[in-house]
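The values are calculated or read from the model by the stated rules, or taken from the named source; none is laboratory data. Note that the structure is predicted; figures quoted are calculated from it, not measured. Because the Cβ atoms are built from the backbone with ideal geometry, glycine has one as well, and the counts that use them run over all protein chains shown.
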Amino acid sequence: MSQNKLQKDSNHNPRVTWEGCSVLLDINDGDRLVFARLTAASTLKIGNKNCSLQPLIGYPFGSLFQLENGTKGPCLSRVLPATEGNYLQEKVDFQIKDESKDNRALVDNNTAQSLTGEDIDEMRRQGATGDEIVEALIANSATFEKKTSFSQEKYKLKKQKKYAPRVLLRRPSARSISEAYFKKYPARIGFLRVDSLSLLLSMANVTAHSDVLVVDMVGGILTGAVAERLGGTGYVCNTYLGLDPYPMGIVRIFNFSNEICKRIVQTPLTDLRSAQNGTSVQIGSREDICNIKSQSNEEISSSNSLPHTVSMEETALSSENGMLDLITETAASPVIRACKTTKAGEKASKETINLWKENGFSSLIIAAPDLDAWSTVKELLPLLSFSAPFAIYHQYIQPLATCMHNLQLGKMAIGLQISEPWLREYQVLPSRTHPHMQMSAFGGYILSGTRICSSDQPQLK
Amino acid sequence: MSQNKLQKDSNHNPRVTWEGCSVLLDINDGDRLVFARLTAASTLKIGNKNCSLQPLIGYPFGSLFQLENGTKGPCLSRVLPATEGNYLQEKVDFQIKDESKDNRALVDNNTAQSLTGEDIDEMRRQGATGDEIVEALIANSATFEKKTSFSQEKYKLKKQKKYAPRVLLRRPSARSISEAYFKKYPARIGFLRVDSLSLLLSMANVTAHSDVLVVDMVGGILTGAVAERLGGTGYVCNTYLGLDPYPMGIVRIFNFSNEICKRIVQTPLTDLRSAQNGTSVQIGSREDICNIKSQSNEEISSSNSLPHTVSMEETALSSENGMLDLITETAASPVIRACKTTKAGEKASKETINLWKENGFSSLIIAAPDLDAWSTVKELLPLLSFSAPFAIYHQYIQPLATCMHNLQLGKMAIGLQISEPWLREYQVLPSRTHPHMQMSAFGGYILSGTRICSSDQPQLK
Amino acid sequence: MKAVKVVPGCLVLESGTGSGSLTTSLARAVAPTGQVYTFDFHEQRAASAREDFERTGLSSLVTVGVRDVQGEGFPEEFCGLVDSVFLDLPQPWLAIPSAGKMLKQDGILCSFSPCIEQVQHSSETLRSNFTDIRTFEVLLRTYEVREGKMDSSQGDEGDSLGSLPCKRRQRLSEGSNQHETSSSPTAMAKPSGEARGHTGYLTFARLKCF
Amino acid sequence: MKAVKVVPGCLVLESGTGSGSLTTSLARAVAPTGQVYTFDFHEQRAASAREDFERTGLSSLVTVGVRDVQGEGFPEEFCGLVDSVFLDLPQPWLAIPSAGKMLKQDGILCSFSPCIEQVQHSSETLRSNFTDIRTFEVLLRTYEVREGKMDSSQGDEGDSLGSLPCKRRQRLSEGSNQHETSSSPTAMAKPSGEARGHTGYLTFARLKCF
């Protein structure tokens, strides 16, 4: 693969979106989460309206947009900080110290609203903005004034989400990507929660210039997070058993520069294990096969363009589940895409592999729900340098307990520990502070330790 | 055993201590926890002083006492509510909204106190109270005024604990007893935390008139808690494998009336399991053996008088570990003791056993760290009536997982669930609210479910 | 947890009644000789709870009253007679002084609140007449048990839109290390995915002895 | 968790330095091209941290300053240049306005506080210039692994004063139910008894885009 196709990415201001960049769209305050690539032709369906994503190009990440009726149909226009400020200020003012009203006297039914669907359609035709419709709904609600400030706020937010939906432009990063996946499709990332991911990296001591061996059967989120942390130094070596590399499509959601992409390599375990004395012929022949494999893999990704091509779904705006859609540009701009996606996951060079064989990897991270922890660790641990740390994630504790026990018996590692991270998010609002009522009770388990020299095991020299 | 020996316990006001009653003494706000029986002769060692517990007789549970120098040596005298009120009020006033002082300028060393040990001894000889000594120490501290209010409070409390130790008179109950044991000797109650114990009872649906089958290898805390909940109705049948009943000395710490003690019986599993068609001869012969066993057991208890006869230990007053001592009267008053302790744990009568065989127990609770969950459940479940709930506690999840899996496969139970209770205690103080920094991360696991009819298993008719 | 100090024969007050689920467990705990008096501001809710207790056979143990306990306090007739008071009110601190009057010496108050500010305010109010003021959060985590080695750890999220393309199961050749313990049992437990992260805080306090 | 948004090349501010443990992980995260500026009020603590960074070879990545950030804010020279600000201060709300000025568009602030009142006050202050204000509590639970079936579940409390008198281990005759799965694996995990129940709350916020 040529390395010099349209290498413009180092010119991008990473804080401002550019044509072809990947973004995370947060619709209506987390109700829906959509990964998209911004091109002139890409669109997003909100409610029953299709709107172009072009207006999002060139704006800083963190900008907020609102769906308005433009002259040429619905379009996203930026919400100015002033407006947003007022909006939030109101939100805060609503919270009074000790709630004095309550819902005792309130009988809520559907007759309270005198504005009909037809009235609203008429307002729209006359060019009313979403905010104006929301205000009209409040003015025509018989019960609004009787509600507690909390219920008023809820009512207003509900209407705003329906008639003036907002889209927040977020930068894809290990944190935002894993949060989005965990919220909607946790199984695709092996239920690896953001704090567990972060803990894996810190327990495996991933830092600039590390050569990190990973087994990533969690869609690429682990590989991406390690690469992000390495920042174009060292290597993340994504290894696999058998002939086919594990899919790592999530890596392409990061807006990695070519410098970073080059540091992400895929290597079959057989190549890493082949006799320490480096029979390069053997490696060479394996490499040919794998190259073909990885190319055909790229073709698939190319036609799908993003790892999980999910058709846009009509989403009830009141949905509390949230939605993670991965949308694809309808008319593709293949050049830009190619520039973003070709580099990550190439085969490691013979020289690099030989260097690893000589020095050992500086750490190991395994996140492979389908592999038995102990048999995997047993094979991979000898590839590490001595005193290299490792961290193994699993959903079940028992395989890790067995693995830890065997590592202890075999005197293969020290500092062994099984940890379980707990993450509780809090609602912090005046007079209304408490942990979230719903939470993920489960962040999985991590076995961590440090490799030592063991007489039972094949050794690196 | 005669049932009519000195049956005066129904005359006791259960809110006021009486001669011979068992109490929980909380010394210096949880620093030490001591179970004791109040008699004219029983003493408690605080610091290097022995003081009589007699002054505690006849006072309401919840009363607070302070160690003072009486005319005949150290003695406990009641702290009047007014004093206590002021004391606590000060404590509250100390807390200011946003701490403005900090410890930046403070250099704390041991030269700050100008009062010597000799000075203090001299004050004592002149009859100064503990409170007066504490005040003198504060007045003679060079750094006290410079401390933050928080540090001042800590200093004062530390001195008060040393020179004017306080003893809080608490009523032994399932809650206070299990909290005290969990704090100091968790292994003696199989690490069964108060919320786990409470959950066991509610999952097994223990209520008045229940016939509850228990396997209590946690010192009797489970048996006691069930008996407390039954309040003199139904039965708690404490069963055991082999010939010797499991020790349940903790039951004697509860101040159970004879009505309640009668409802606590011990029966070997062999008796409960013997052929459903009730060969009473067989039962009779077993019973004889067991009666002897249980009598010899009583002799042991009698001579030991309380389950864990721990000699009083000199305890550093600054100790943060807390201390749980079980003290015994030096000169015993055997009549009262006998009245309190003989009844619990007799053999169930033939009639009762036959009734259980016919109707089945109404629930089952197992807390037996040394038994395999599945093999125990397999034997005991058939003794329950259909749709009877059961709850099994264990420190490890794996035996419960295996047990649950086998119950599912054998279609022996429905509504199966493994739960793990979490208990977080909070410090709630103005500007200083947070969960406790140290907590028991571990309350064990509970497998609960409902017995159903299964074709694979021997059935009750 | 809430009912841990309630034993047969106790006289217990509760406000508000709400769905009656705590009332039910309190009634079962005081049976056969105790009594539970529960109060709710809502006439309708009280009536519906009363019906429920009829149906579940608890009506001899429970009396349901309509009363604004935050505003009026508990009825004076219970003064000094009560073993435990349970509060589940938006502003529990308003009912605490009255609760204190109702309790016997050494009686226990338990207040349930979802928000920490309610706990802070209540604890502040409690300090004048109560002692042993302790606040807990109680959570229950449940586990799923599955059979098999490394099996079915994915793909039952309820969406078929493409769990990981790679569904194959691979196993490295099992080594023959003599020390090795058996690899996996056939039943494995794992915490259930979604849990109730919070219901509320429980504050317990004991009336000071006078 | 704290450093999750910090990547190589970032410019990061921190106050206070404290023991320097967060500084160290920040430095490792921004390496090789980024920089961490950390400030502490205590001259002595700053000096000792500086020595530590010399010793661990991080001094090219970390600059330690003595400064009362609550009183004076961060140095003006960093205005609008900073990727992330980390606060571990008794009154973080005093430093938040200055932190907001230092951050780039979309920059992240992270504040660590042990008490909920600090979180409440900080969140209140953050609302004027920040968005995505989220508070987390992070806990780590560790497990012990032991070998054996039903073994050694008691008696290593460190006191010999009489754990349960009955130490025998009894097993019921194993039935031969054909369905049964194997009874116990040889390695079993159990949570470690005492855990750090709380260290503090982490509040994250993103600077509003202007």
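Given the structure, is C:Ser59 modelled with pLDDT under 95, outside any strand (DSSP E or B) and at the interface with another protein chain (Cβ under 10 Å from one of its Cβ atoms)? Against the criterion (modelled with pLDDT under 95, outside any strand (DSSP E or B) and at the interface with another protein chain (Cβ under 10 Å from one of its Cβ atoms)), C:Ser59 does not qualify. Reported count of residues in the stretch C:100-116, each being buried (at least 21 other Cβ atoms within 10 Å of the Cβ) and facing another protein chain (nearest Cβ under 7 Å), is 2. Within the stretch B:214-261, being within 20 Å of B:Arg170 (Cβ to Cβ) and of a type in the set (S, T, N, Q) holds for B:Asn255, B:Ser257.
Which of the residues belonging to the stretch D:59-76 are without any contact (Cβ under 8 Å) to a residue 60 or more places away in the chain, within 20 Å of D:Ala27 (Cα to Cα) and not β-branched (Val, Ile, Thr)? Hits for the stretch D:59-76 are D:Ser59, D:Ser60, D:Leu61, D:Gly65, D:Arg67, D:Pro75. Hey, among A:Ser303, A:Ser319, A:Ser311, A:Ser296, which residue is modelled with pLDDT under 50, surrounded by fewer than 15 Cβ atoms within 10 Å (Cβ to Cβ) and in contact with an Asp or Glu (Cβ under 7 Å, 6 or more places away or on another chain)? Within the list A:Ser303, A:Ser319, A:Ser311, A:Ser296, the selection yields A:Ser319. Can you pull out the residues in the stretch A:384-394 that are crowded, with 22+ Cβ neighbours inside 10 Å and either in contact with a helix residue (DSSP H, G or I) (Cβ under 8 Å, 6 or more places away or on another chain) or closer than 17 Å to A:Ser196 by Cα (or both)? Scanning the stretch A:384-394 gives A:Phe390, A:Ala391, A:Ile392, A:Tyr393, A:His394. For the stretch A:384-404, the candidate set comprises residues that are among the aliphatic types (A, V, I, L, M) and facing chain D (nearest Cβ under 7 Å); within that set, the residue that is nearest to A:Leu213 (Cα to Cα) is A:Met404.
When B:Ala128 is tested against (1) under 29 Å from B:Lys49 (Cα atoms); (2) in the same structural domain as B:Arg273 (by TED's automatic domain parsing); (3) assigned to a loop (DSSP other than H, G, I, E, B), exactly one condition is not met: (2).
Conditions tested, residue by residue: (1) more than 7 Å from every other protein chain (Cβ to nearest Cβ); (2) over 25 Å from D:Ala189 (Cβ atoms); (3) at pLDDT 85 or above.
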| residue | (1), (2), (3) |
| --- | --- |
| C:Arg134 | no, yes, yes |
| C:Glu144 | yes, no, yes |
| C:Glu147 | no, no, no |
| C:Asp156 | yes, no, no |
| C:His198 | no, yes, yes |
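Does B:Ala373 satisfy the criteria of being in the same structural domain as B:Ile264 (by TED's automatic domain parsing) and out of contact with any Cys (no Cβ under 8 Å at 6 or more places or on another chain)? Spelling it out, it is not the case that B:Ala373 is in the same structural domain as B:Ile264 (by TED's automatic domain parsing) and out of contact with any Cys (no Cβ under 8 Å at 6 or more places or on another chain).
Looking across the stretch A:114-127, just one residue is at pLDDT below 80 and surrounded by 12 or more Cβ atoms within 10 Å (Cβ to Cβ), and that is A:Arg124. Those strands (runs of 3 or more DSSP E) of the stretch B:169-279 in which at least 3 residues are more than 14 Å from chain C (Cβ to nearest Cβ) and of a type in the set (A, V, I, L, M, F, W, C), considering only elements entirely within it, cover B:211-216. Taking B:Leu230 as the residue in question, decide whether it is within 19 Å of B:Leu355 (Cα to Cα), at pLDDT 75 or above, not assigned by TED's automatic domain parsing to the domain that holds B:Arg32 and not polar (S, T, N, Q). Criteria met by B:Leu230. Quick check on the stretch C:64-80. Is at least one of its residues more than 30 Å from B:Val16 (Cβ to Cβ), touching a His at 6+ places or on another chain (Cβ under 8 Å), surrounded by fewer than 19 Cβ atoms within 10 Å (Cβ to Cβ) and modelled with pLDDT of 95 or more? Taking every residue of the stretch C:64-80 in turn, at least one turns out to be more than 30 Å from B:Val16 (Cβ to Cβ), touching a His at 6+ places or on another chain (Cβ under 8 Å), surrounded by fewer than 19 Cβ atoms within 10 Å (Cβ to Cβ) and modelled with pLDDT of 95 or more. For B:Lys350, the criteria (1) free of Cβ contacts under 8 Å to residues at least 40 places away in the same chain; (2) farther than 30 Å from D:His198 by Cβ; (3) charged (D, E, K, R) hold in every case but one, which is (1). Just a yes or no: is a residue in the stretch B:233-242 at pLDDT below 50 and on the phi > 0 side of the Ramachandran plot? No, because not a single residue in the stretch B:233-242 is at pLDDT below 50 and on the phi > 0 side of the Ramachandran plot. Out of all the residues in the stretch D:24-56, which are modelled with pLDDT under 95, within 14 Å of chain A (Cβ to nearest Cβ) and not in a loop (DSSP other than H, G, I, E, B)? Within the stretch D:24-56, D:Thr24, D:Ser25, D:Leu26, D:Ala27, D:Arg28, D:Ala29, D:Val30 meet the criteria. The set of residues in the stretch B:405-414 being part of a helix (DSSP H, G or I) and either among the hydrophobic types (A, V, I, L, M, F, W, C) or within 7 Å of chain C (Cβ to nearest Cβ) (or both) consists of B:His405, B:Leu407, B:Leu409. Of all residues in the stretch A:202-236, those satisfying the criterion of being closer than 13 Å to A:Leu364 by Cα, surrounded by fewer than 24 Cβ atoms within 10 Å (Cβ to Cβ) and either touching a Gly at 6+ places or on another chain (Cβ under 6 Å) or hydroxyl-bearing (Ser, Thr, Tyr) (or both) are A:Ser202, A:Ser210, A:Asp211. The residues of the stretch C:94-150 that are farther than 30 Å from B:Met404 by Cα and part of a loop (DSSP other than H, G, I, E, B), listed by number, are C:Pro114, C:Cys115, C:Arg127, C:Ser128, C:Asn129.
No other residue among A:Phe35, A:Phe65 is modelled with pLDDT of 65 or more, within 14 Å of chain D (Cβ to nearest Cβ) and crowded, with 17+ Cβ neighbours inside 10 Å apart from A:Phe65. Being among the β-branched types (Val, Ile, Thr) and either within 14 Å of chain B (Cβ to nearest Cβ) or at positive phi (or both) is a property that C:Thr17 lacks.
How many of the residues making up the stretch A:33-49 are within 20 Å of the chain's Cα centre (by Cα) and not in a loop (DSSP other than H, G, I, E, B)? Number satisfying all stated conditions: 6.
The set of residues from the stretch B:440-451 being assigned to a strand (DSSP E or B), farther than 15 Å from C:Tyr143 by Cβ and touching a strand residue (DSSP E or B) at 6+ places or on another chain (Cβ under 6 Å) comprises B:Thr450, B:Arg451.
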